[in-house]
Amino acid sequence: MSVQTWTFIIVGITFAIYISIAIWARAGSTKEFYVAGSSVSPLANGMATAADWMSAASYLSMAGLISFMGYSGSQYLMGWTGGYVLLALLLAPYLRKFGKFTVPDFIGERYYSKQARLVALICAIFVSFTYVVGQMKGVGVAFARFLEVPYTTGIFIGIAIVFFYAVLGGMKGITYTQVAQYCVLIFAFTVPAVFISLQMVNNPIPQLGMGGTVSDGTYLLDKLNMLSTDLGFDEYTSMGMDDRINVFFITAALMFGTAGLPHVIVRFFTVPRVRDARKSAGYALLFIAILYTTAPAVAVFARTNLLQTVSNQPYVEMPTWFNKWEESKLITFEDKNKDGLIQYVADKTQNELVIDRDIMVLANPEIANLPSWVIALVVAGGLAAALSTAAGLLLVIATSISHDLLKKYLRPNISDKGELLAARISIAAAVILAGLAGLNPPGFVAQVVALAFGLAASSFFPAIILGIFDKRMNKEGAVAGMIIGILFTTAYIWYFKPQLGGPGTPDGYWFGIKPEGIGTLGMFINMIIALVVSRMTPAPPQEVQDLVEDIRIPRGASEVKSVH
Amino acid sequence: MKGNYLNGYWKQNIRYLIMLLSIWFIVSYGCGILFADNLNAFKIGGFPLGFWFAQQGSIYVFVILIFVYVHLMNKLDRFYDVDEI
């Protein structure tokens, strides 16, 4: 059977599963809609968090990025996993004890201020919307490429599926669909990796295979280093000259950003007890780690395979996958010295081959000559990753509107039924809006993802941490810190991102820090400002200090909260 | 009295956090970034050690740290009788 037939079958089956789950897990109250009734088991929540967290970018782009970056790619691996340690130790248990529905809920009540809630609300919507447009784009691309439907049709199918289970089930539907999506995506990611690892180093475990030996007895990584340096690239496993400070700062910005992202934090409101929130963060990271430790192995295999397949080989003998990707302009070859051979080297004037990094995961099974059902599986996995993340983000946007804006500001007397209806309408609107934005994605989407992390790191993270660990922290300090942190980070990113119209050049980087890593500095600035300002202004009221005492103690989290 | 008693719980919690986050910092920022070059002189199997910490080891340690934390805190909750039934 052809790849396309297999893709139809496998994608069709997975979509049928998601829809069945959605019908089974309909939400009947706002509590079910916002936080799945706080009744999700830690194991299921761990899987759902993992699927929620791992986006189309983690799944499709990350291994490719690492395979081109080598050691520096570590910033994504450590940055996107290390944040869970912060989440588990510093945030999740206390926010679960606090026991409301959203991050703006916490900010608003801890800092006894509607303005603070509004700042948090706007940040939450901005961060989530930026992300979701990227996911929709991923869905469109995956459909367009493998089902050979137009990009727009692909996006419409994506909208229809997410619309169905998000509007019907809210957090409850999304959670259980994400559990299924996690299983699909992790299976689809590891199967090709195992096959390729067996092929290249005769070891079924890619994490070990990466350090294994190839058929001539040399270590795979040594061989890759040699291949790379021969062609003028940096040694794969070594740090480049000016890497250290940027790997450090970008890793930190991604870690603190992860711990401050609303759609991740909100997942810890869905478990019954404080100890479940802790355990659930552990499970989430375990499930994420399976992909994140496989990805660098995939990167090494793909890079080695690619160099061996193309370097100094005659163009006419290239396999079919090469020509296929050439058609879509994701691989381009220009025979500069007219010798009919492919020169793929670091020197830009002599290099003849340009490869889009994003195709590595999709092309990898083809490069390694795996059966066509494996390729179809990879597509289904990519769709699962994109859809699960999109749904989680859309819920944050909808909740922000129906709960934080409507219920807390505009119509405080709205009934639970009315709020539920409002939540359904806002998620429907958000799905459609995100889809439309995905149809015509503004060129700056990729650029603002860095901003999303920087923003989360420099605004939410310090405000939440200080709210829990510093009883003396007050409204004045937190708001001043958040505003200055956000402004500083946004200004730096804008100034040094030519794509956003900023005038700065890399020569002007502070301490050589790239815009992607500046959120780390923004976070420290936020903390210092917050601490200084809070000590010069009045202490928070007694009931807020009591609230802080209360969230530090686990007992009582599962009791029914009277008002929400 | 009750307040003082729970102060002990919170102090012990902070001690655990400092201990675990120090390990978190040392494996990722220390072994994986700041001293990765030096560690690359050593090898485990086919991996230069610094590279291994950056792309594999640190992630394994992160997972272990969370489960150690879960274990320590469950014990502490029971000791101070603030766990949930």
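The values are calculated or read from the model by the stated rules, or taken from the named source; none is laboratory data. Since the model is a prediction, treat every value here as computed from it, not as a measurement. Because the Cβ atoms are built from the backbone with ideal geometry, glycine has one as well, and the counts that use them run over all protein chains shown. All accessible areas refer to the heavy atoms of the entire protein, side chains included, with ligands and DNA or RNA removed. Shrake-Rupley method; radii C 1.70, N 1.55, O 1.52, S 1.80 Å.
Out of all the residues in the range A:54-65, which are buried (at least 24 other Cβ atoms within 10 Å of the Cβ) and either at pLDDT 90 or above or among the small types (Gly, Ala, Ser) (or both)?
Selection gives A:Ser55, A:Ala56, A:Ala63, A:Gly64.
Counting only residues that are at the interface with chain B (Cβ under 9 Å from one of its Cβ atoms), give me the helices (runs of 4 or more DSSP H) lying completely in the range A:73-121 with at least 2 of them.
Qualifying helices (runs of 4 or more DSSP H): A:74-86.
Would you confirm whether any residue within the range A:254-269 is surrounded by fewer than 24 Cβ atoms within 10 Å (Cβ to Cβ), within 14 Å of the chain's Cα centre (by Cα), in a helix (DSSP H, G or I) and within 9 Å of chain B (Cβ to nearest Cβ)?
No, because not a single residue in the range A:254-269 is surrounded by fewer than 24 Cβ atoms within 10 Å (Cβ to Cβ), within 14 Å of the chain's Cα centre (by Cα), in a helix (DSSP H, G or I) and within 9 Å of chain B (Cβ to nearest Cβ).
Suppose the filter is part of a helix (DSSP H, G or I), surrounded by fewer than 20 Cβ atoms within 10 Å (Cβ to Cβ) and at pLDDT 85 or above; does A:Ala478 pass it?
no
Within the range A:270-295, can you find the residues that are more than 12 Å from every other protein chain (Cβ to nearest Cβ) and either in contact with a Phe, Trp or Tyr (Cβ under 6 Å, 6 or more places away or on another chain) or in a helix (DSSP H, G or I) (or both)?
Within the range A:270-295, none qualify.
Out of the residues in the range A:178-204 that are in contact with a Ser or Thr (Cβ under 7 Å, 6 or more places away or on another chain) and not in a helix (DSSP H, G or I), which is most open to solvent (accessible area, probe 1.4 Å)?
So the residue we want is A:Pro204.
Take the range A:205-216 and flag every residue that is away from chain B (no Cβ under 11 Å) and either more than 19 Å from A:Val298 (Cβ to Cβ) or part of a helix (DSSP H, G or I) (or both).
If the condition is that a residue be away from chain B (no Cβ under 11 Å) and either more than 19 Å from A:Val298 (Cβ to Cβ) or part of a helix (DSSP H, G or I) (or both), then A:Ser215, A:Asp216 are the ones that fit.
For the range A:6-31, which residues satisfy the criterion of being touching a residue at least 40 places away in the same chain (Cβ under 8 Å), part of a helix (DSSP H, G or I) and open to solvent by less than 50 Å² (accessible area, probe 1.4 Å)?
A:Thr7, A:Ile10, A:Val11, A:Thr14, A:Phe15, A:Tyr18, A:Ile21, A:Ala22, A:Thr30, listed by residue number.
Determine which single condition A:Leu147 fails, assuming it passes every other condition in (1) within 23 Å of A:Ile401 (Cα to Cα); (2) hydrophobic (A, V, I, L, M, F, W, C); (3) open to solvent by 10 Å² or more (accessible area, probe 1.4 Å); (4) touching a residue at least 12 places away in the same chain (Cβ under 8 Å).
(1)
Counting just the residues of the range A:550-564 that are part of a loop (DSSP other than H, G, I, E, B) and open to solvent by 40 Å² or more (accessible area, probe 1.4 Å), which one comes out modelled with the highest pLDDT?
Checked the range A:550-564; the qualifying residue modelled with the highest pLDDT is A:Arg555.
State which residue is nearest to the other protein chains (Cβ to nearest Cβ) when the search covers only the range A:219-253 and only residues that are open to solvent by 60 Å² or more (accessible area, probe 1.4 Å) and not in a helix (DSSP H, G or I).
A:Tyr219
Look at B:Ile14 and say whether it is more than 7 Å from every other protein chain (Cβ to nearest Cβ), surrounded by fewer than 16 Cβ atoms within 10 Å (Cβ to Cβ), part of a helix (DSSP H, G or I) and within 18 Å of the chain's Cα centre (by Cα). Spell out the reasoning first.
Details: more than 7 Å from every other protein chain (Cβ to nearest Cβ): yes; surrounded by fewer than 16 Cβ atoms within 10 Å (Cβ to Cβ): yes; part of a helix (DSSP H, G or I): yes; within 18 Å of the chain's Cα centre (by Cα): yes.
Spelling it out, B:Ile14 is indeed more than 7 Å from every other protein chain (Cβ to nearest Cβ), surrounded by fewer than 16 Cβ atoms within 10 Å (Cβ to Cβ), part of a helix (DSSP H, G or I) and within 18 Å of the chain's Cα centre (by Cα).
Look at the range B:26-52 and say how many of its residues are open to solvent by 30 Å² or more (accessible area, probe 1.4 Å), small (Gly, Ala, Ser) and either more than 7 Å from every other protein chain (Cβ to nearest Cβ) or part of a strand (DSSP E or B) (or both).
To start, the set of residues in the range B:26-52 that are open to solvent by 30 Å² or more (accessible area, probe 1.4 Å) comprises B:26, B:34-35, B:37-45, B:49, B:52.
Restricting the remaining residues to those that are small (Gly, Ala, Ser) gives B:41, B:45.
Then drop every residue that is not either more than 7 Å from every other protein chain (Cβ to nearest Cβ) or part of a strand (DSSP E or B) (or both), which leaves B:41.
Summing the residues that are open to solvent by 30 Å² or more (accessible area, probe 1.4 Å), small (Gly, Ala, Ser) and either more than 7 Å from every other protein chain (Cβ to nearest Cβ) or part of a strand (DSSP E or B) (or both) in the range B:26-52 gives 1.
Could you please find all residues in the range A:53-91 being in contact (Cβ under 8 Å) with a residue 60 or more places away in the chain and within 13 Å of A:Ala281 (Cβ to Cβ)?
Across the range A:53-91, the qualifying residues are A:Trp53, A:Thr81, A:Gly82, A:Gly83, A:Tyr84, A:Val85, A:Leu86, A:Leu87, A:Ala88, A:Leu90, A:Leu91.
Determine which single condition A:Tyr112 fails, assuming it passes every other condition in (1) surrounded by fewer than 24 Cβ atoms within 10 Å (Cβ to Cβ); (2) modelled with pLDDT under 90.
Only one criterion in (1) surrounded by fewer than 24 Cβ atoms within 10 Å (Cβ to Cβ); (2) modelled with pLDDT under 90 is unmet by A:Tyr112, namely (2).
Quick one: in the range B:53-67, of everything that is more than 19 Å from A:Arg96 (Cα to Cα) and open to solvent by 60 Å² or more (accessible area, probe 1.4 Å), which residue is nearest to the other protein chains (Cβ to nearest Cβ)?
Only one residue tops the list, namely B:Tyr60.
Just checking, does the range A:152-161 include any residue being crowded, with 23+ Cβ neighbours inside 10 Å, within 25 Å of A:Val264 (Cα to Cα) and among the small types (Gly, Ala, Ser)?
Within the range A:152-161, one or more residues are crowded, with 23+ Cβ neighbours inside 10 Å, within 25 Å of A:Val264 (Cα to Cα) and among the small types (Gly, Ala, Ser).
Regarding B:Ser22, is this residue in a helix (DSSP H, G or I), more than 9 Å from chain A (Cβ to nearest Cβ) and not acidic (Asp, Glu)?
On the way: in a helix (DSSP H, G or I): yes; more than 9 Å from chain A (Cβ to nearest Cβ): yes; not acidic (Asp, Glu): yes.
Answer is yes for this residue.
Can you tell me which residue within the range A:300-345, out of those that are among the aliphatic types (A, V, I, L, M) and open to solvent by 40 Å² or more (accessible area, probe 1.4 Å), is nearest to A:Gln4 (Cα to Cα)?
Pass one, the range A:300-345, residues among the aliphatic types (A, V, I, L, M): A:300, A:302, A:306-307, A:310, A:316, A:318, A:330-331, A:341-342, A:345.
If we keep only those that are open to solvent by 40 Å² or more (accessible area, probe 1.4 Å) too, we end up with A:316, A:330, A:341.
On the way: A:Val316: 26, A:Leu330: 20, A:Leu341: 32 Å.
For the range A:300-345, the residue satisfying everything is A:Leu330.
Which one of these is among the aliphatic types (A, V, I, L, M) and open to solvent by less than 50 Å² (accessible area, probe 1.4 Å): A:Leu531, A:Leu547?
Exactly one of A:Leu531, A:Leu547 is among the aliphatic types (A, V, I, L, M) and open to solvent by less than 50 Å² (accessible area, probe 1.4 Å), namely A:Leu547.
Examine the range A:504-525 for a residue that is open to solvent by less than 70 Å² (accessible area, probe 1.4 Å), modelled with pLDDT under 85, assigned to a loop (DSSP other than H, G, I, E, B) and of a type outside the set (Asp, Glu), and state whether such a residue exists.
yes
Please go through the range A:409-429 and pick out each residue that is within 19 Å of A:Tyr165 (Cα to Cα) and in contact (Cβ under 8 Å) with a residue 40 or more places away in the chain.
Once the filter is applied, which keeps residues that are within 19 Å of A:Tyr165 (Cα to Cα) and in contact (Cβ under 8 Å) with a residue 40 or more places away in the chain, the range A:409-429 yields A:Glu419, A:Leu420, A:Ala423, A:Arg424, A:Ile427, A:Ala428.
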